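Okay, structure first, notes after.
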Amino acid sequence: MKKPLRVIVLGEGKDERGKPRTLPPFTRVPHDQQGAMEILVRRALYPLLNHGQSWHRGLKDDDGIHILQPLPPRLPRQPSMVEVLAAPDLLALFVAPLKNTPGPGVPSRPRVDLIVATHDADAAIPAVTKALNKVNTSLGTHVPLLQPAPEIQAWLTSKRAIERAYDRVHCTVDEPDEDALKKDAKAELQRLLRTFGGRFDAKKQASLAERMPVEDLGRYDWSGWNQATDILKVALAENGLETLEP
């Protein structure tokens, strides 16, 4: 039996579910508590670990990829993840669990196999990239950075995903406008939802991530999804995780 790949996703949102999780650090996050980006990271990793096979909803509770709850550093004030991703000193506290310093009581395997940083492709990206490069260099880690362009909603917005997530009849939702998605993906998703009174919230975003047809994920090369899979492939290789042996 393969060992599960234990992954922590560091994103801008607060657990992306609309409210903070209360799970102990490094425990497995159940699928129904995962945010959209965590589900999308699993969907990108699964084919890389399973000979190109596509992820599907039947695998949602047992795909061999365990999303773990991050370790919140003990600080006087808990910073937002937006602050963390752009500040090397703060970011290092979240990345440190990738390292395993031998010593009494320390297990032979680090608590987490892979940490993935994510950030919308906006004006903050240079600062985030600089911070992540500094942390990876100083800690000897390889934490990849995924950049949905212009934002995660560009990965989530498709007529079929909306129909599935909101229980709409097939072909009752319009195709998204590609130019509008490029400009403001969140606004375009909200426009499509308004046509039938669909609610826009974190839980529904996770449902979109789960129900997105695989052929729609990479339909816009400019959105960064196709690059994300390549970035994760390199990250797996750099961390010696191309295969998960028993």
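The values are calculated or read from the model by the stated rules, or taken from the named source; none is laboratory data. Values in this document were obtained by computation on a predicted structure and should not be read as measured data. Positions of Cβ are backbone-derived with ideal geometry, glycine not excepted, and every protein chain shown enters the neighbour counts. Remember, those area values only see protein heavy atoms, side chains included, never the ligands or the DNA or RNA. Shrake-Rupley method; radii C 1.70, N 1.55, O 1.52, S 1.80 Å.
For the reader, a short list of remarks on this structure follows.
- In the range 165-191, the residues that are crowded, with 19+ Cβ neighbours inside 10 Å and assigned to a helix (DSSP H, G or I): ALA165, LEU181, ALA185, GLU188, LEU189
- The one condition in (1) more than 17 Å from the chain's Cα centre (by Cα); (2) part of a helix (DSSP H, G or I) that SER207 fails to fulfil: (1)
- Annotation: of all residues in the range 192-204 being charged (D, E, K, R) and in a loop (DSSP other than H, G, I, E, B), the one that is surrounded by the most Cβ atoms within 10 Å (Cβ to Cβ) is ASP201.
- Checklist (1) open to solvent by less than 10 Å² (accessible area, probe 1.4 Å); (2) at pLDDT below 95 applied to ASP120, failing item: (1)
- Residues that are under 18 Å from the mean Cα position of the chain (by Cα), outside any loop (DSSP other than H, G, I, E, B) and not aliphatic (A, V, I, L, M) were ranked within the range 223-243; the one that is surrounded by the fewest Cβ atoms within 10 Å (Cβ to Cβ) is ASP230.
- Any hit, the range 138-147, residues being assigned to a loop (DSSP other than H, G, I, E, B), free of Cβ contacts under 8 Å to residues at least 24 places away in the same chain and out of contact with any Asp or Glu (no Cβ under 7 Å at 6 or more places or on another chain): no
- From the options HIS56, HIS31, residue that is more than 15 Å from LEU10 (Cα to Cα) and either of a type in the set (Gly, Ala, Ser) or open to solvent by 40 Å² or more (accessible area, probe 1.4 Å) (or both): HIS56
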